[in-house]
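Read through the structure below, which is laid out as structure tokens, and then see the notes.
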There are 2 protein chains.
Amino acid sequence: MSLPHAILTALLEKPSSGLELTRRFDKSFGFFWSATHQQIYRELGKLEQSGAIRALPSETPARGQKKEYEVLPAGQAELAAWASAGQDPRAMRDPLLLRVRAAAVVGTAGLPAELRRHLALHERQLELYEGIERRDFPPERDSEQDRLRHLVLRGGIELETFWIRWLTQALETVDGESGTGAE
Amino acid sequence: MSLPHAILTALLEKPSSGLELTRRFDKSFGFFWSATHQQIYRELGKLEQSGAIRALPSETPARGQKKEYEVLPAGQAELAAWASAGQDPRAMRDPLLLRVRAAAVVGTAGLPAELRRHLALHERQLELYEGIERRDFPPERDSEQDRLRHLVLRGGIELETFWIRWLTQALETVDGESGTGAE
DNA sequence: AAGCGCATGTAATTTGTTACATGATTAT
DNA sequence: ATAATCATGTAACAAATTACATGCGCTT
């Protein structure tokens, strides 16, 4: 599974506490891997116990106190192994496509509004990504790290673009049928 | 929670037994919603118990015997309600994008080969979809059902196209620096 | 009758989600 | 001091994955 590896990647980029990780998984990191704070705390516990990470001993480690983690060599090795291993793409599972297919048998009531709402959400997300691209990835990208991170962001941008295009088609298809099917 | 609704949709399109459903979720239906036979049998049990579907009483219903299910009015109503309700897009979670991000911190060993493998898989999938499109959706699409189902297939086609384009970019980015090792 | 594949399930484990609990810090 | 908020967790549950179990029917 990928959650522990997502956490290892995030911690390698920057050692963090549980809440800081949660924030990062809600923002930039969440563009390709999302996680809730409950998942994160549980997984941090497992990773610490297995020796992949450790809490920085600086502050007083009590409940309600901040606790920063860093990756240990074992954790980095594990991540490197996972990142280079073969893994098949996961099976498709998209609720919106399913709902359109369901609408084909039970009717399209409410569907156009829902499609429009999703379209607006994806347009907003695309704007957000493009803002990040302008800010963080100016034309002269030099380091390998930058190139790879930019590539991941491009994935997000092009995925949002896909959805916007598809939703636009979908709205034409669904809306265009109340009158005559003018194509 | 979409699995029960996926099953209701599939059964409305055509009443089936558990194994037939499994087959359909491995083929065309699986293009937008995948499920294993264990999930399907468990869910069929729940749906039958809740009165959303029923087993056709035709054949002898014993273990190892085929058992066909059909959707009852309650199930169809439930599906219609679900299909028209509002649901936010689910949070992004893509292992391959994560692996590229991980490669940015632990190195790109093995990555190009993996990207090429995925590229080949997506190219094959795209060909498959395009074959289905040619076969099942000739230019003169008439019924609303056909238009909606074609729309769902277009979603699959354009998603595969997205992956192929992104993976091609990714290979240019990663291969363009190969051999240099550390940075 | 032995073996094989088909069809239907059970069980165990892991992952993800939702709701709640508790200590510490800061503002009023 | 009280309340609000931050930070870290626990508990309960739902969903998905993996592995295993059982009965039937057909072939050899």
- line: By residue number, the members of the range A:1-25 that are of a type outside the set (A, V, I, L, M, F, W, C) and either within 13 Å of DNA strand D (Cβ to nearest atom) or over 21 Å from A:ALA80 (Cα atoms) (or both) are A:SER2, A:PRO15, A:SER16, A:SER17, A:GLY18, A:GLU20, A:THR22, A:ARG23, A:ARG24
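Yes or no, residue by residue, for (1) at pLDDT 95 or above; (2) out of contact with any helix residue (DSSP H, G or I) (no Cβ under 7 Å at 6 or more places or on another chain); (3) β-branched (Val, Ile, Thr):
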residue	(1), (2), (3)
B:PRO73	yes, yes, no
B:ALA80	yes, no, no
B:ALA103	yes, no, no
B:LEU126	yes, no, no
B:ASP142	no, yes, no
B:VAL152	yes, no, yes
B:LEU159	yes, no, no
message: Looking at A:TRP82 and the list (1) more than 7 Å from chain B (Cβ to nearest Cβ); (2) within 19 Å of A:THR161 (Cβ to Cβ), which single condition is not satisfied?
response: (2)
field: Those helices (runs of 4 or more DSSP H) lying entirely in the range A:30-113 with at least 1 residues acidic (Asp, Glu)
entry: A:37-49, A:73-84
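Here is a yes/no grid of residues against (1) surrounded by fewer than 21 Cβ atoms within 10 Å (Cβ to Cβ); (2) facing chain B (nearest Cβ under 7 Å); (3) under 30 Å from B:ILE164 (Cβ atoms):
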{"position": "A:GLY45", "(1), (2), (3)": "yes, no, no"}
{"position": "A:GLU48", "(1), (2), (3)": "yes, no, no"}
{"position": "A:TYR69", "(1), (2), (3)": "no, no, no"}
{"position": "A:PRO95", "(1), (2), (3)": "yes, yes, yes"}
{"position": "A:ALA102", "(1), (2), (3)": "no, yes, yes"}
{"position": "A:GLY131", "(1), (2), (3)": "yes, no, yes"}
{"position": "A:LEU148", "(1), (2), (3)": "no, yes, yes"}
{"position": "A:LEU151", "(1), (2), (3)": "no, yes, yes"}
{"position": "A:GLY156", "(1), (2), (3)": "no, no, yes"}
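Which one of these is closer than 25 Å to B:LEU119 by Cα and either facing chain B (nearest Cβ under 8 Å) or buried (at least 19 other Cβ atoms within 10 Å of the Cβ) (or both): A:GLU114, A:GLU160? Before the answer, list the steps.
Working: A:GLU114 fails: closer than 25 Å to B:LEU119 by Cα.
Testing whether each residue is closer than 25 Å to B:LEU119 by Cα and either facing chain B (nearest Cβ under 8 Å) or buried (at least 19 other Cβ atoms within 10 Å of the Cβ) (or both) leaves just A:GLU160.
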- prompt: Restricting attention to the range B:53-61, does a residue exist that is within 10 Å of DNA strand D (Cβ to nearest atom), under 19 Å from the mean Cα position of the chain (by Cα) and exposed (fewer than 14 other Cβ atoms within 10 Å of the Cβ)?
  reply: no
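The values are calculated or read from the model by the stated rules, or taken from the named source; none is laboratory data. Fair warning: this is a prediction, and the values are worked out from it, not measured in the lab. Note that each Cβ is placed from the backbone with ideal geometry, even for glycine, and that neighbours are counted across all protein chains shown.
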